[in-house]
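Heads up: the structure comes next, in structure tokens.
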């Protein structure tokens with residue numbers, strides 16, 4: 001048995017959970033915050049059999065594509081004023097950990 005921890009963007013959470021549920025995966029959702037951009041993330045916890053891991057990862061990958069987004073950024077000038085300009089950053093995608101499960105109990 002395996003435990004999948006998938007960290008995805010909040011924007012991808014609903015579609016990812018829906019797709020995983022359609023494929024009969026049971027998902028636990030945790031709200032988390034990432035360090036980069038202090039943006040909202042969701043950590044999905046999925047328990048599954050060894051032979052189901054690749055399918056789960058494939059679903060997560062399809063539902064959490066990387067994309068580029070413009071975010072506001074600013075620089076201070078010599079006169080202590082700020083200049084605002086958009087900066088392109090890549091968001092989305094998933095960070096996935098697959099862990100071995102020694103014991104699973106449902107009490």
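The values are calculated or read from the model by the stated rules, or taken from the named source; none is laboratory data. It should be emphasised that the depicted structure is a prediction, and the values quoted were computed from it without experimental measurement. Virtual Cβ from ideal backbone geometry, glycine too; neighbours counted across all protein chains shown.
Being surrounded by 14 or more Cβ atoms within 10 Å (Cβ to Cβ), under 14 Å from residue 94 (Cα atoms) and at pLDDT below 95 is the requirement here; does residue 13 meet it?
Yes.
Could you tell me whether any residue of the stretch 38-47 is modelled with pLDDT under 95 and surrounded by fewer than 10 Cβ atoms within 10 Å (Cβ to Cβ)?
Yes, some residue in the stretch 38-47 is modelled with pLDDT under 95 and surrounded by fewer than 10 Cβ atoms within 10 Å (Cβ to Cβ).
Exactly one of (1) at pLDDT below 95; (2) on the phi < 0 side of the Ramachandran plot is unmet by residue 93. Its number?
All conditions are met except number (2).
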